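Undergrad: Here it is, the structure in full.
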Amino acid sequence: GPVREFQIDPYIILDDDLKYFYDDVRYLLKSGTSQPELDTIASYYFDGQGKALRPMVTMLMAKAINYHLNNESHQLVHKQRQIALFSEMVHSASLVHDDVIDQSDFRRGKPSVNALWNHKKVTMAGDYILSIASIMIARLRSDDVTIVLSQILTDLVQGEFMQLGSRETENERFAHYLTKTYRKTASLIANALKATAVIAQADDNVAEVAFQYGRNVGLAFQLVDDMLDFVSSSEQMGKPTAADLKLGLATAPVLFACEKYPELNPMVMRRFSEPGDVERAFELVHKSHGLEQTRFLAKKHCNEAIRLAQELTESPYQKGLQVVADLVINRMK
Ligand code: FPP
Ligand code: MG
Ligand code: MG
C-alpha cells in the first residue's frame, strides 16, 4: 500500500526503547521473588522470540503523542516505557493462563509452559507476572493511569470467560464475537495506548485518538489471527493452528461461512463436538468466502487506524503508526 513508501521500520526507530526490553522484564521478575522456579516459569516466554507488537505500538503512540504535544522529557518517556512493559507482561501472563485453559502444548516455537511444568505452578507463575506488573504501575502514582490499565484486566478475564462454553443464537453471534474480540485482544492495546496519552496529560481528544487507534489495530490483529488459524502452518505460527474449531470456537471465518453454508449453524451450536464436525467445518470455511470476508473486515479496521493516526502531527512515529496498521493486515505469523 501507499504507506510503504515512508520506508519506516518501527522496530528500528524504537531501538533505544526496545533493545533491553526483555532484559528489563526478566530483571523485574527475578528481583521480585525468592523462589527461583517461580522466576524460571514466569520468565519462560520473555526470551525475545515474541513479536513484541504491544510494546512496539505502545512506544510508537507514546512518542507520536509527545511530538504532537511538543512535550518530551526523559522522565515522561520512562513512565510510558513502564506502560509498555505492563502491556507485554499482562499479555504474557494471559498467554500463560491461556495455555493452561486451552491445554496447548506449543507456543513461540517451543513447548508451552504447561507442557514443562504442572498446572498449579504455571497458574501461580501467571499470577506472579501480573502482580509484578501491578506494583510497577502503582509506583507511577497516577490514579488515572491505574484506572485505565486496570480496565485491561477485567476485559481480559471477561473476554476469556465469554468464549468458555457460550452458546449464542444466530442473531447474537457476530456481536458476541466482536465484543469478545475487543475484550480479549483489543482492550489491552487500546487502553495501554490511552494510558500513554493520559500520563502525558494530553487532552481527552488525543487520548481518544490513541484509544481508538489501538482498538482498531487490536481488532484487526485478532481477525487476522483467526484467519491465520485456518490458513497458516503451526511451523510458521510457532503455535498450533487449525486449533479454534477443536476448541469449539466459531471465529469470524466460520461465522461468515454460515451465510453460504447454513449446515454450519448446528455445528456452531454444538461447538463442533460431534465426530467429523471439525473436518467438515474446516472444509466449508475454505469453500466459502469467509477467509476473504475476515481479511476485508480486518482491512477496514486498519484503514480506520491509519485515518486516526493522521490526526496527530506528522512525525516519524506518527508515520510508524501507519506502517504498523499495514504490517498487521499483511502479517504472516
Ligand atoms: C490467547 O487467545 C488469549 C488471550 C488473548 C487472553 C487470555 C486471557 C485469559 C486467560 C484471562 C486471564 C487474564 C489475565 C489478566 C492474566 P487464543 O487462545 O485465541 O490464542 P492462541 O492461539 O495464541 O493460544
Ligand atoms: Mg484461548
Ligand atoms: Mg490459546
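Undergrad: Select from the stretch 301-315 the residues that are part of a helix (DSSP H, G or I) and touching a residue at least 40 places away in the same chain (Cβ under 8 Å) and write down the one among them that is surrounded by the fewest Cβ atoms within 10 Å (Cβ to Cβ).
TA: Looking at residues that are part of a helix (DSSP H, G or I) and touching a residue at least 40 places away in the same chain (Cβ under 8 Å), I get Glu304.
Undergrad: Any residue that is part of a helix (DSSP H, G or I), within 16 Å of ligand 1 (Cβ to nearest atom) and more than 20 Å from Lys300 (Cβ to Cβ) - is there at least one of those in the stretch 192-211?
TA: yes
Undergrad: Let me ask another. Give the stretch 125-135 a look and list any residue that's surrounded by 16 or more Cβ atoms within 10 Å (Cβ to Cβ), away from ligand 2 (no atom under 16 Å from the Cβ) and of a type outside the set (S, T, N, Q), or say none.
TA: Hits for the stretch 125-135 are Ala125, Tyr128, Ile129, Leu130, Ile132, Ala133.
Undergrad: May I ask you to list pairs of residues, at least six apart or on different chains, whose Cβ atoms are under 6 Å apart, with the first in the stretch 235-248 being within 19 Å of Glu283 (Cβ to Cβ) and the second being away from ligand 1 (no atom under 11 Å from the Cβ) and aromatic (Phe, Trp, Tyr)?
TA: Qualifying pairs under 6 Å: Leu245/Phe272; Gly248/Phe272.
Undergrad: Let me ask another. Kindly indicate whether Asp226 is away from ligand 3 (no atom under 16 Å from the Cβ), at pLDDT 95 or above and more than 20 Å from Pro55 (Cα to Cα).
TA: No; evaluated as a whole, the condition is false for this residue.
Undergrad: Here is a further query. Which of the residues spanning the stretch 316-333 are farther than 11 Å from Val217 by Cβ, of a type in the set (S, T, N, Q) and in contact (Cβ under 8 Å) with a residue 24 or more places away in the chain?
TA: Gln318
Undergrad: Now for a separate question. Given the residues Val328, Val254, which is the only one that is within 17 Å of the chain's Cα centre (by Cα) and either farther than 30 Å from Leu14 by Cβ or not small (Gly, Ala, Ser) (or both)? Give the steps one after another, and end with the answer.
TA: Working: Val254 fails: within 17 Å of the chain's Cα centre (by Cα).
Step by step, each of Val328, Val254 is checked, and only Val328 is within 17 Å of the chain's Cα centre (by Cα) and either farther than 30 Å from Leu14 by Cβ or not small (Gly, Ala, Ser) (or both).
Undergrad: Assess whether Gln75 counts as being of a type in the set (S, T, N, Q), more than 12 Å from ligand 1 (Cβ to nearest atom), farther than 18 Å from Leu149 by Cβ and without any contact (Cβ under 8 Å) to a residue 40 or more places away in the chain.
TA: On the way: of a type in the set (S, T, N, Q): yes; more than 12 Å from ligand 1 (Cβ to nearest atom): yes; farther than 18 Å from Leu149 by Cβ: yes; without any contact (Cβ under 8 Å) to a residue 40 or more places away in the chain: yes.
When the stated conditions are applied, Gln75 passes them.
Undergrad: Determine if the stretch 205-212 includes at least one residue that is surrounded by fewer than 17 Cβ atoms within 10 Å (Cβ to Cβ), at pLDDT 95 or above and either over 16 Å from Leu291 (Cβ atoms) or within 15 Å of ligand 3 (Cβ to nearest atom) (or both).
TA: yes
Undergrad: Looking at (1) within 26 Å of Gly50 (Cβ to Cβ); (2) in a loop (DSSP other than H, G, I, E, B), find the lone condition where Gly248 falls short.
TA: Every condition holds for Gly248 apart from (1).
Undergrad: Within the stretch 139-179, can you find the residues that are β-branched (Val, Ile, Thr), over 26 Å from Val100 (Cα atoms) and part of a helix (DSSP H, G or I)?
TA: Let us first name the residues in the stretch 139-179 that are β-branched (Val, Ile, Thr), namely 145-148, 152, 154, 157, 169, 179.
Retained after the next criterion (residues that are over 26 Å from Val100 (Cα atoms)): 145-148, 169.
Val145, Thr146, Ile147, Val148, listed by residue number.
Undergrad: Which one is farthest from ligand 2 (Cβ to nearest atom), of the residues in the stretch 73-122 that are surrounded by 15 or more Cβ atoms within 10 Å (Cβ to Cβ) and assigned to a loop (DSSP other than H, G, I, E, B)?
TA: Filtering first and then ranking leaves Trp117.
Undergrad: Follow-up. Out of (1) touching an Asp or Glu at 6+ places or on another chain (Cβ under 7 Å); (2) without any contact (Cβ under 8 Å) to a residue 60 or more places away in the chain, the odd one out for Leu284 is which?
TA: Leu284 satisfies all of (1) touching an Asp or Glu at 6+ places or on another chain (Cβ under 7 Å); (2) without any contact (Cβ under 8 Å) to a residue 60 or more places away in the chain except (1).
Undergrad: Then there's this: Given the conditions (1) within 16 Å of ligand 1 (Cβ to nearest atom); (2) crowded, with 22+ Cβ neighbours inside 10 Å; (3) within 14 Å of Asp226 (Cα to Cα); (4) not β-branched (Val, Ile, Thr), which single one is not true for Gly248?
TA: Only one criterion is unmet by Gly248, namely (2).
Undergrad: Looking at (1) closer than 16 Å to Thr58 by Cβ; (2) touching a residue at least 24 places away in the same chain (Cβ under 8 Å), find the lone condition where Glu160 falls short.
TA: Unmet for Glu160, out of (1) closer than 16 Å to Thr58 by Cβ; (2) touching a residue at least 24 places away in the same chain (Cβ under 8 Å): (1).
Undergrad: Here's another thing I want to ask about it. For the stretch 28-62, enumerate the residues that are touching a residue at least 40 places away in the same chain (Cβ under 8 Å), under 21 Å from Ala210 (Cα atoms) and crowded, with 24+ Cβ neighbours inside 10 Å.
TA: Passing the criteria: Arg54, Val57, Thr58, Met59, Leu60, Met61, Ala62.
Undergrad: Then there's this: For the stretch 263-283, which positions are farther than 12 Å from Leu245 by Cβ and part of a helix (DSSP H, G or I)?
TA: Result: Asn265, Pro266, Met269.
Undergrad: Given the structure, is Val285 within 16 Å of ligand 1 (Cβ to nearest atom), at pLDDT 95 or above and of a type in the set (A, V, I, L, M)?
TA: Criteria not met by Val285.
The values are calculated or read from the model by the stated rules, or taken from the named source; none is laboratory data. It should be emphasised that the depicted structure is a prediction, and the values quoted were computed from it without experimental measurement. Methodologically, a virtual Cβ is constructed for each residue, glycine included, from the backbone with ideal geometry; neighbour enumeration extends over all protein chains shown.
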